[in-house]
Amino acid sequence: ARVSGAAMRTFLNIARVWELDFAAVRSLLGMPAAAEFQAWYDAARAEEPLTLETDVLLRISAVLGIYKSLRILYGSEQEGARWLRGVNRGALFSSKAPIELMLSGFDPGLMDARRYLLAKEHGAGEAPNEADKDFRPYTGADIIWK
């Protein structure tokens, strides 16, 4: 109850930035009935008491994490939104847009996209940078015992 209203308002703001339609927003939240979603929407926007189920809050948390990672990786909301809609050739995405994976369900789907971006944010799967271009793997001869 303490976080539901703020979480829903933040989620709705992200959905606006990502230009998601009503069906996509409901899908990310686990497909609540249209009337139930409208009640959540109205309560959140009016800053009235709202209590969301744990599953819904977990979904919102995943979206917040995806949004954060996109801001870190791409620098702007627009670039992040562009990444979500662009074709991704990574094995996880099968040459589809990441938003398609996110809309396919919570786990896999939304959580797979979250894990992918979190790993990317921390450098997993990135090509070596200039400092590492001449790196050679260590061997036993490189270890010095004294």
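The values are calculated or read from the model by the stated rules, or taken from the named source; none is laboratory data. Note that the structure is predicted; figures quoted are calculated from it, not measured. Here the Cβ is made from the backbone with ideal geometry for all residues, glycine too, and neighbour counts use every protein chain on show. For accessibility, only protein heavy atoms count, side chains too; no ligands or nucleic acids. Shrake-Rupley method; radii C 1.70, N 1.55, O 1.52, S 1.80 Å.
Across region 86-105, what is the total count of residues that are open to solvent by less than 70 Å² (accessible area, probe 1.4 Å) and either farther than 13 Å from L117 by Cβ or among the aromatic types (F, W, Y) (or both)?
Qualifying residue count for the region: 6.
Would you pick out the residues in region 52-80 that are of a type in the set (D, E) and free of Cβ contacts under 8 Å to residues at least 60 places away in the same chain?
Within region 52-80, E53, D55, E79 meet the criteria.
How about region 94-146: which of its residues are modelled with pLDDT of 85 or more, of a type in the set (K, R) and not in a helix (DSSP H, G or I)?
The answer is K96, and nothing else.
Let's see how each residue does on (1) small (G, A, S); (2) in a loop (DSSP other than H, G, I, E, B); (3) open to solvent by less than 70 Å² (accessible area, probe 1.4 Å):
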| residue | (1), (2), (3) |
| --- | --- |
| A1 | yes, yes, no |
| R9 | no, no, yes |
| L12 | no, no, yes |
| R16 | no, no, no |
| A23 | yes, no, yes |
| R26 | no, no, yes |
| Q38 | no, no, no |
| T51 | no, yes, no |
| S61 | yes, no, yes |
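Exactly one of these conditions fails for W83: (1) under 17 Å from D112 (Cα atoms); (2) touching a residue at least 24 places away in the same chain (Cβ under 8 Å). Give me its number.
Exception for W83: condition (2).
So A91 passes all but one of these: (1) more than 21 Å from D21 (Cα to Cα); (2) modelled with pLDDT under 95; (3) in a helix (DSSP H, G or I). Which condition number does it fail?
Going through the list (1) more than 21 Å from D21 (Cα to Cα); (2) modelled with pLDDT under 95; (3) in a helix (DSSP H, G or I), A91 breaks only (3).
In region 25-68, which residues are under 16 Å from M102 (Cα atoms) and either among the hydrophobic types (A, V, I, L, M, F, W, C) or in contact with a Ser or Thr (Cβ under 6 Å, 6 or more places away or on another chain) (or both)?
Those that are under 16 Å from M102 (Cα atoms) and either among the hydrophobic types (A, V, I, L, M, F, W, C) or in contact with a Ser or Thr (Cβ under 6 Å, 6 or more places away or on another chain) (or both): V25, L28, L29, M31, V56, L57, L58, I60, A62, V63, L64, I66.
Return the pair list, or none, for Cβ contacts closer than 6 Å from residues in region 9-30 that are farther than 21 Å from T51 by Cα to residues that are modelled with pLDDT under 95 and not hydrophobic (A, V, I, L, M, F, W, C), at least 6 apart or on different chains.
Close Cβ pairs satisfying both conditions: V17/E77.
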